[in-house]
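Contents: one structure, followed by commentary.
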Amino acid sequence: MSKLKFALALASLPVFVACRGDGGTAILATHGPVAYVRFVNAVPDSGAQDWRFVDLIEESPNTLNMAFRGIFPGTGYQSATSGSRHLKVFQSAFDQGFNDPNQASPGLVSTVFLDSTFTMTEGQHYTIMAVGSLRAPRTAKFVILSDNFPDPGTSVAVRTVNAGAAGSVDVYGSATGGTSTLPSTPLVAALAQYAASSWVTAPPAALVVRANASGSTTLPAMIDATAPTGVAADRTLNLTAIGGSTIAGSAFTVFLFPPAVQNSRAALVVAGTCPTKCTTAGAVFAVDRYPPSGF
């Protein structure tokens, strides 16, 4: 072996040893303290949005092309480094295939809708909503909710978020919707715009959430939405339980959205959450806590 090769071999030894732990076990990177987040697009007059943490790379969830009434992730939460964080919401490309430079230009996709720094506590769960209008008079802003969902035990827990459906809403829960009689007492009364209700527990059962502007008892209600029933665990098929109104131990949130602004890009959305292009107020359910599966 030449002196040069021998010297290079010796130089590499400290690096090799530094990458080993006691007994030759590889050293694995450890994650720092994290919180848990989900994103909600409740801006009724904008196109799809790109959400990005711009301060860190690791433990910084992002999502692209999230349409009006979109929730990311669709179920559960994403971990994010806790502490002070910097989040921006950008305009998504109008052409997701990036074939038309005028519809996906750098100037377009660098347009910032929202930009804010906030603090998240380790171990806590948060919903971050983009709300308000991007048209004049511009009112768009972030709303950050601390979720703090309970363990409902043999019941289910439900929370309502008024994501701009009206200035104030009364929310009822019943087994059926349509023109069936409303319960005498609402689940939530006078829930202010952009606010979250307290958690309400109830026995597992079919649930239709019905919401009107506060004081109105018009039927059918402004929002009339059936909660997901959930799916029980199946040990034989190795299927874990999915949260819903009929599965004990579930906790879920119903987001009440406004209609899309006519002639805006939000009004172009056609999806499960907007089957009629969001022309009316609507609801989207998100599971906060999955029930135990028992195996």
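Derivation of every value follows stated rules applied to the coordinates shown; laboratory data play no part. Everything numeric here is computed off the predicted structure, so don't read it as measured data. No Cβ is skipped: glycine too gets one built from the backbone with ideal geometry, and neighbour counts run over all protein chains shown.
Extent of the range 90-193 along its three principal axes (Cα atoms, max minus min coordinate, largest first): 55, 41, 30 Å.
Considering the chain as a Gaussian network with a 10 Å cut-off on Cα pairs, which listed residue, 94, 39, 68, attains the greatest mean-square fluctuation? Per the Cα network of the chain with a 10 Å cutoff, 94 tops the list. Computed from point charges on the beta carbon alone (+1 for Lys and Arg, -1 for Asp and Glu), the dipole magnitude for the range 149-295 about its Cα centre is near 220 Debye. Take every pair of alpha-carbon atoms less than 8 Å apart whose residues are at least six positions apart; their mean separation over the length of the range 149-295 yields a relative contact order of 27 percent.
Summing +1 for each Lys or Arg and -1 for each Asp or Glu among the other residues whose beta-carbon sits under 12 angstrom from that of residue 248 gives 0. Size descriptors for the range 30-148 (Cα atoms only): Rg and Dmax, in that order, 14.5, 46 Å.
The overall shape of the chain, judged from the alpha-carbon gyration tensor, is oblate: a/c is not under 1.5, and a/b is no greater than b/c. Ranking of 197, 250 by neighbouring Cβ atoms within 10 Å, starting from the fewest: 197, 250. For the pair residue 31 and residue 190, a Förster radius of 45 Å applied to the C-beta separation gives a FRET efficiency near 0.60, rounded to the nearest 0.05.
Where only DSSP H runs of four or more residues are counted, the chain gives -2000 deg cm²/dmol as its mean residue ellipticity at 222 nm, each run worth -39500 (n - 2.57). What you get for the chain, charging only the Cβ of Lys and Arg (+1) and of Asp and Glu (-1), is a dipole of about 340 debye around the Cα centre. Projected onto the charge dipole of the chain (+1 at Lys/Arg Cβ, -1 at Asp/Glu Cβ, origin at the Cα centre), which of 83, 181, 143 gives the Cα projection farthest towards the positive end? Among 83, 181, 143, the one farthest towards the positive end of the dipole of the chain is 83. Need one word for the range 248-295: rounded, prolate or oblate. Basis is the Cα gyration tensor (sqrt eigenvalues a ≥ b ≥ c); a/c below 1.5 gives rounded, then a/b vs b/c decides. It is prolate, given that a/c is not under 1.5 and a/b is the larger ratio. Here the range 247-286 is scanned for amide nitrogen atoms under 16 Å from the site 7 Å beyond the Cα of residue 201 along Cα-to-Cβ, giving 247-252.
Given the options 44, 101, 61, which has the most mean-square fluctuation in a GNM of the chain, springs set between C-alpha atoms less than 10 angstrom apart? Highest fluctuation among the options: 101. Taking a ≥ b ≥ c as the square roots of the Cα gyration tensor eigenvalues, with a/c under 1.5 meaning rounded and otherwise prolate when a/b beats b/c, else oblate, which class fits the range 219-273? Prolate is the answer for the range 219-273, as a/c is 1.5 or above and a/b outweighs b/c. Take every Cα pair under 8 Å whose residues are at least 6 apart in sequence, average their separation, divide by the length of the range 249-295, and the relative contact order is 52 percent. Placing R0 at 35 angstrom, the Cβ-Cβ distance between residue 277 and residue 56 gives a FRET efficiency of 0.40 after rounding to 0.05. Candidates 163, 40, 108 compared by Cα position along the dipole of the chain: farthest toward the positive end lies 108, with charges placed on Cβ. Antiparallel beta bridges, as assigned by DSSP with both residues in the range 149-295, represent about 80 percent of the total such bridges. Where both bridge residues fall in the chain, DSSP classifies roughly 80% of the beta bridges as antiparallel.
In the calculated pair distance distribution of the range 171-295, what percentage of Cα-Cα distances lie above 27 Å? Across the range 171-295, Cα pairs with separations above 27 Å total 26 percent.
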